[in-house]
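Asks: This structure is in structure tokens; I'll ask about it shortly.
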Protein chains: 2
Amino acid sequence: MSPVPKPPVPSPLNPSPRFLMGPGPSDVHPRVLAAMGMPLLGHLDPEFVALMDETQDLLRYVFQTTSRMTLAVSGTGSAGMETVIVNLIEPGDRMLVCINGVFGARMQDVAERAGAAVAVIERPYGQVFDPDEVKAAIQRVGPKVVGIVHAETSTGAWQPIEEIARIAHEAGAMIALDTVTALGGIPVEIDAWEIDAVYSGTQKCLSCPPGLAPVSFGTRAVEALNRRKKKVQSWYLDLTMIQKYWGSDRVYHHTAPISMNYALREALAVVVEEGLEARFARHALNGRALHAGLSAMGLSLVTDPKHRLPQLTCVKIPDGVDDLTVRRRLLRDWGIEVGGGLGPFKGQAWRIGLMGYGSRQSNVTLLLAALETCLRDLGVSLPAGEATHAASAVYAEAAK
Amino acid sequence: MSPVPKPPVPSPLNPSPRFLMGPGPSDVHPRVLAAMGMPLLGHLDPEFVALMDETQDLLRYVFQTTSRMTLAVSGTGSAGMETVIVNLIEPGDRMLVCINGVFGARMQDVAERAGAAVAVIERPYGQVFDPDEVKAAIQRVGPKVVGIVHAETSTGAWQPIEEIARIAHEAGAMIALDTVTALGGIPVEIDAWEIDAVYSGTQKCLSCPPGLAPVSFGTRAVEALNRRKKKVQSWYLDLTMIQKYWGSDRVYHHTAPISMNYALREALAVVVEEGLEARFARHALNGRALHAGLSAMGLSLVTDPKHRLPQLTCVKIPDGVDDLTVRRRLLRDWGIEVGGGLGPFKGQAWRIGLMGYGSRQSNVTLLLAALETCLRDLGVSLPAGEATHAASAVYAEAAK
């Protein structure tokens with residue numbers, strides 16, 4: 001009667017120490033880890049409900065929005081993407097998706113599954129869109145929604161958004177923005193830019209484990225939601241119901257992931273303690289130091305300096321060097337995780353993250369020193385010691 | 001330029017101690033809380049990938065299945081429900097849903113959003129379905145899938161499944177089973193009963209925080225998935241892609257909630273250490289003691305003794321007693337959370353959970369003593385002290 005016998009008792013969980021310097025998850029702040037381990041409250045406990053209110057206020061600060069419909073969806077960043085799309089799109093609605101990396105492509109897939117008539121414009125991986133080409137596409141397509149990625153995790157490209165949002169609104173379209181890798185690392189100004197719908201993730205520049213997706217809907221998006229003729233196709237991601245739990249009604253929808261909400265609240269408290277401006281300056285400085293170090297090592301970066309993210313750097317692998325050999329050694333000898341390339345960059349580039357708690361001088365120096373050692377041991381000719389020296393010079397200059 | 005000024009720095013997170021004796025989340029095992037607080041590995045780290053393999057094996061044990069497609073979906077139990085339905089159902093497919101509580105009703109809603117032609121049969125809350133009436137409905141409807149709930153969290157009813165599964169198969173239908181409150185608390189025999197698709201949650205009898213949904217698909221369900229003509233409508237919950245990450249390909253889909261997977265692995269390790277049979281016996285014993293105590297207090301239980309779950313008990317509120325007055329006092333004075341009634345039982349019943357780590361003699365005794373105190377203070381005439389005495393007699397009898 002027992003087709004599956006009792007397996008051996010597993011040994012205690014004991015993950016090896018890591019420096020998570022890939023595209024995410026990033027290293028979690030110690031205060032956030034402590035919050036993850038706290039005993040649970042019920043999902044309708046008055047204390048938990050107060051924590052939800054507090055989290056919404058904190059999210060409004062990091063998103064720079066006053067929108068009431070600002071909350072955390074109970075899934076990872078991709079669930080945030082799907083939430084925004086399935087709530088905004090009804091079958092047959094036209095959507096324009098701007099694709100210059102993996103996450104734009106994902107948006108197209110999600111939108112098609114939601115029944116959207118999707119048109120796309122594309123840019124090579126690593127480049128960004130020019131407002132004029134987006135304007136031309138909007139005029140051609142006449143979309144209800146324009147989807148675009150602020151910080152492309154697959155390439156490290158930093159897409160300017162403000163003018164594109166203005167163009168979309170002039171044409172009567174809404175703009176849906178992916179800020180998964182942006183939020184908490186570079187300025188995200190949802191109200192100032194008049195972004196209609198935005199989603200993010202917890203495991204990048206917020207230094208929280210993956211598992212929640214902060215989402216905010218502005219006035220136009222809420223109106224579109226209220227005007228829907230058809231139910232949202234996903235029950236789990238239906239904001240018309242989710243907002244009744246996050247709102248003052250507190251109508252049970254699903255059991256909120258309590259510990260993940262503790263963690264997000266604590267991660268946002270850490271952001272407030274530092275302040276957004278100081279946080280962005282820190283990310284910018286460490287990114288600059290990393291870029292200086294990689295360049296001093298003779299490596300090329302994928303993105304143009306004008307559109308280069310500080311928190312996620314895509315660097316080309318030197319000719320003749322094997323991707324996995326280097327990444328495996330970084331992990332084995334130093335516990336450093338960096339990401340492999342995606343799409344056309346598979347095997348051709350590494351992705352180095354300096355996100356949130358992980359964006360600090362010691363990580364920059366360790367990564368540069370370890371990478372230099374790996375490459376020299378593989379016979380790559382390098383100006384020895386120049387990488388950490390160049391990074392150090394950036395910090396010295398900033399300290400003046 | 002900063003429409004949302006920096007809020008005051010929040011005070012440190014410090015949740016009040018609780019005894020979570022409602023319908024879930026339940027109290028988390030201390031070992032699982034410790035796992036939640038451990039530093040993260042990346043979602044493609046060899047150690048994390050090994051942990052996923054191990055978790056799948058442990059899930060196969062608790063589900064009692066050898067099915068390869070056994071994994072944890074990155075959302076709560078309701079995401080598990082939606083995963084099973086959107087992967088099995090294509091628009092126009094007929095589905096029969098058996099509704100005797102909130103979660104059957106939710107299944108109907110999810111299935112309709114997935115485009116199913118849904119037929120329902122209903123039983124009053126608290127009752128279970130008879131195989132004959134399910135058989136008649138299957139013959140009338142000719143469904144592709146029959147959806148039914150094993151342990152109704154809204155009523156405490158324990159639905160026998162084996163014969164209904166046999167009837168469904170004889171008619172060429174698949175059976176989709178909700179074991180959110182069942183798994184780890186009462187026997188769940190997926191292979192022996194030939195269940196085609198099953199989902200659960202982590203926050204009930206597994207004593208893990210909410211945030212993952214264990215799911216398993218058997219041979220028929222996998223074949224139906226492979227035969228689909230149309231993409232699964234949810235990108236996030238598409239098992240054809242999710243299994244490529246959980247399988248040996250390790251193709252990136254979304255960033256797995258690392259800490260929640262640590263926690264589930266640890267929770268399952270705790271289950272293995274105890275063993276399923278011992279665990280079920282413990283739940284049965286504590287349930288029996290609670291039922292004896294409540295009955296000794298003169299309270300009525302909603303479900304028939306033959307179909308009464310040990311881990312979730314729905315007890316009628318005595319005439320003249322206000323639901324919230326009692327629940328607020330239990331929370332304020334003892335930190336005890338019990339659940340309110342749902343649907344027709346709103347304000348009419350309480351739901352008392354003894355799940356996983358929370359299923360123990362001290363919790364039974366504390367709850368009975370506290371509830372007796374509340375009711376006597378409200379003027380309910382009770383045989384004083386009889387409740388804890390009756391519970392104690394059950395333990396004494398079992399120890400013989």
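The values are calculated or read from the model by the stated rules, or taken from the named source; none is laboratory data. Model, not experiment: these values are computed from the prediction. Here the Cβ positions follow ideal geometry from the backbone for every residue, glycine too, while neighbour counts run over all protein chains shown.
Asks: Which residues, taken from the range B:239-270, are at the interface with another protein chain (Cβ under 10 Å from one of its Cβ atoms), more than 21 Å from A:Ala105 (Cα to Cα) and not hydroxyl-bearing (Ser, Thr, Tyr)?
Replies: Residues satisfying the conditions are B:Pro257, B:Ile258, B:Met260, B:Asn261, B:Ala263, B:Arg265, B:Glu266, B:Leu268, B:Ala269, B:Val270.
Asks: Does any residue of the range A:208-223 turn out to be facing another protein chain (nearest Cβ under 9 Å), out of contact with any Phe, Trp or Tyr (no Cβ under 9 Å at 6 or more places or on another chain) and under 20 Å from A:Gly101 (Cβ atoms)?
Replies: yes
Asks: Right, another one. If I ask for residues that are among the charged types (D, E, K, R) and either within 14 Å of another protein chain (Cβ to nearest Cβ) or in a helix (DSSP H, G or I) (or both), which ones from the range B:109-160 would you list?
Replies: Correct list: B:Asp109, B:Glu112, B:Arg113, B:Asp132, B:Glu133, B:Lys135, B:Arg140.
Asks: Moving to a separate point now. Considering (1) crowded, with 18+ Cβ neighbours inside 10 Å; (2) among the aliphatic types (A, V, I, L, M); (3) more than 7 Å from chain B (Cβ to nearest Cβ), say which one A:Ala50 fails and leave the rest.
Replies: It fails just one condition, (1).
Asks: Another one. When the residues of the range A:224-238 are narrowed to those that are over 24 Å from the mean Cα position of the chain (by Cα) and among the polar types (S, T, N, Q), which ends up nearest to the other protein chains (Cβ to nearest Cβ)?
Replies: The residue in question is A:Gln233.
Asks: Something else: Could you please let me know if B:Ala269 is assigned by TED's automatic domain parsing to the domain that holds B:Gly347 and either farther than 20 Å from B:Glu372 by Cα or surrounded by 19 or more Cβ atoms within 10 Å (Cβ to Cβ) (or both)?
Replies: It is false that B:Ala269 is assigned by TED's automatic domain parsing to the domain that holds B:Gly347 and either farther than 20 Å from B:Glu372 by Cα or surrounded by 19 or more Cβ atoms within 10 Å (Cβ to Cβ) (or both).
Asks: Would you confirm whether or not the range A:371-383 contains a residue that is surrounded by 16 or more Cβ atoms within 10 Å (Cβ to Cβ), under 21 Å from A:Pro17 (Cβ atoms) and in contact (Cβ under 8 Å) with a residue 24 or more places away in the chain?
Replies: Checking the range A:371-383: at least one residue is surrounded by 16 or more Cβ atoms within 10 Å (Cβ to Cβ), under 21 Å from A:Pro17 (Cβ atoms) and in contact (Cβ under 8 Å) with a residue 24 or more places away in the chain.
Asks: Just name the residue that is surrounded by the most Cβ atoms within 10 Å (Cβ to Cβ) out of those in the range B:68-104 that are part of a loop (DSSP other than H, G, I, E, B), more than 10 Å from chain A (Cβ to nearest Cβ) and small (Gly, Ala, Ser).
Replies: Result: B:Gly101.
Asks: Looking only at the range B:246-293, count every residue that is outside any loop (DSSP other than H, G, I, E, B), within 30 Å of A:Gly343 (Cα to Cα) and touching a strand residue (DSSP E or B) at 6+ places or on another chain (Cβ under 9 Å) and tell me the total.
Replies: 3
Asks: Run down B:Ile352, B:Ile336 and say which single residue is over 20 Å from B:Gly185 (Cα atoms), in contact with a Leu (Cβ under 7 Å, 6 or more places away or on another chain) and crowded, with 19+ Cβ neighbours inside 10 Å.
Replies: B:Ile336
Asks: Surrounded by 23 or more Cβ atoms within 10 Å (Cβ to Cβ) and over 30 Å from B:Phe48 (Cα atoms): which single residue out of A:Ala387, A:Ala393 fits that description?
Replies: Exactly one residue qualifies, and that residue is A:Ala387.
Asks: Would you mind listing the helices (runs of 4 or more DSSP H) fully within the range A:319-400 where at least 3 residues are over 19 Å from A:Pro25 (Cα atoms) and among the β-branched types (Val, Ile, Thr)?
Replies: Helices (runs of 4 or more DSSP H) meeting the threshold: none at all.
Asks: Tell me which residues, restricted to the range B:355-369, are of a type in the set (A, V, I, L, M, F, W, C) and surrounded by fewer than 19 Cβ atoms within 10 Å (Cβ to Cβ).
Replies: Hits for the range B:355-369 are B:Leu366, B:Ala369.
Asks: Here are some residues: A:Arg60, A:Arg18. Which one is at the interface with another protein chain (Cβ under 7 Å from one of its Cβ atoms), more than 24 Å from A:Glu277 (Cα to Cα), under 26 Å from the mean Cα position of the chain (by Cα) and of a type in the set (D, E, K, R)?
Replies: Only one candidate qualifies: A:Arg18.
Asks: Is it the case, given these coordinates, that B:Arg308 is surrounded by fewer than 16 Cβ atoms within 10 Å (Cβ to Cβ) and either within 17 Å of B:Val149 (Cβ to Cβ) or over 23 Å from the mean Cα position of the chain (by Cα) (or both)?
Replies: Taking the combined requirement at face value, the residue does not satisfy it.
Asks: What tally of residues in the range B:18-67 results from selecting those that are in a helix (DSSP H, G or I) and either more than 30 Å from B:Glu194 (Cα to Cα) or free of Cβ contacts under 8 Å to residues at least 60 places away in the same chain (or both)?
Replies: Residues in the range B:18-67 being in a helix (DSSP H, G or I) and either more than 30 Å from B:Glu194 (Cα to Cα) or free of Cβ contacts under 8 Å to residues at least 60 places away in the same chain (or both): 13 in total.
Asks: Another question, then. Return the residue satisfying two criteria in turn: it lies in the range A:183-214 and is touching a Leu at 6+ places or on another chain (Cβ under 6 Å) and of a type in the set (Val, Ile, Thr), and of such residues it is surrounded by the most Cβ atoms within 10 Å (Cβ to Cβ).
Replies: Applying the filter and picking the extreme gives A:Thr202.
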